[in-house]
Amino acid sequence: MASRGAIETSKLKQNLEEQLDRLMQQLQDLEECREELDADEYEETKKETLEQLSEINDSLKKIMSGDMTLVDELSGMQLAIQAAISQAFKTPEVIRMFAKKQPRQLRTRLAEMDRDLMVGKLGRDLYTQQKVEILTALRKLGEKLTPDDEMFLSANAGAALSQFERVSTDLGSGDKVFALASFEVAKAKQ
């Protein structure tokens, strides 16, 4: 959705206009067939059609005045979270464990990384990046970090992770963050 909703909003507007035309034609047909319908059926159908017309008209007014688009304020927040997550977490494995709320697996991965660093199997830069990601994910999952981990995190957390922390905290519910993390997992698999 690179257009951030502009094309989609245009299509929505077009669909509403087409629906309005259809309902107007339905009213016209109803008037032409009035003699063939009993009074109750005519009144009920006319009432339903007019209610639908009123709903469509209200939606059109909102769209045309700019009060309604497909990318509303909540969608904007979701885009911000998605951007923060995609910038903050570069390791698909960490994104996956975070999205699935798996703190034990994250801690296991952290221990494996510590071992790999000691034996020279993992470079210092990659270790630092992944450890910061894991510690941030653990913190967001409500896990208690050791004082050493807190110091490591504050010394090594970059701007993207700080932005992720701020945005996800502002939104309150972790479920929104988890849903977007799940999206990032799926995207990383592609």
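Summary table below
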item: Those residues of the stretch 127-156 which are modelled with pLDDT of 90 or more and open to solvent by 50 Å² or more (accessible area, probe 1.4 Å), in sequence order; result: E143, K144, T146, P147, D148, E150, M151
item: Close pairs from the stretch 95-114: first under 15 Å from L145 (Cα atoms), partner outside any helix (DSSP H, G or I), Cβ under 7 Å, at least 6 apart; result: P103/L141; P103/E143
item: Close pairs (6 angstrom Cβ cut-off, 6 or more residues apart or separate chains): free of Cβ contacts under 8 Å to residues at least 60 places away in the same chain in the stretch 32-49, of a type in the set (D, E, K, R) anywhere; result: Y42/R34
item: Output for the stretch 110-132, where each listed residue is over 15 Å from F152 (Cα atoms), in contact with a helix residue (DSSP H, G or I) (Cβ under 6 Å, 6 or more places away or on another chain) and part of a helix (DSSP H, G or I); result: L117
item: Test set (1) open to solvent by 40 Å² or more (accessible area, probe 1.4 Å); (2) part of a helix (DSSP H, G or I); (3) at pLDDT 75 or above - A83 fails condition number; result: (3)
item: Positions within the stretch 19-46 being within 41 Å of the chain's Cα centre (by Cα), surrounded by 13 or more Cβ atoms within 10 Å (Cβ to Cβ) and farther than 17 Å from S59 by Cα, in sequence order; result: Q26, L27, T45, K46
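Conditions tested, residue by residue: (1) open to solvent by less than 40 Å² (accessible area, probe 1.4 Å); (2) in contact with an Asp or Glu (Cβ under 9 Å, 6 or more places away or on another chain); (3) modelled with pLDDT of 80 or more; (4) under 30 Å from K140 (Cβ atoms).
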{"residue": "I7", "(1), (2), (3), (4)": "no, no, no, no"}
{"residue": "E17", "(1), (2), (3), (4)": "no, no, no, no"}
{"residue": "E48", "(1), (2), (3), (4)": "no, no, yes, no"}
{"residue": "G66", "(1), (2), (3), (4)": "no, no, no, no"}
{"residue": "V71", "(1), (2), (3), (4)": "yes, yes, no, yes"}
{"residue": "A99", "(1), (2), (3), (4)": "yes, yes, no, yes"}
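The values are calculated or read from the model by the stated rules, or taken from the named source; none is laboratory data. Fair warning: this is a prediction, and the values are worked out from it, not measured in the lab. When we count neighbours, we look across all protein chains shown, and the Cβ atoms used for this are built from the backbone with ideal geometry, even at glycine. Just the protein is used for accessible areas: all its heavy atoms, side chains included, with ligands, DNA and RNA removed. Shrake-Rupley method; radii C 1.70, N 1.55, O 1.52, S 1.80 Å.
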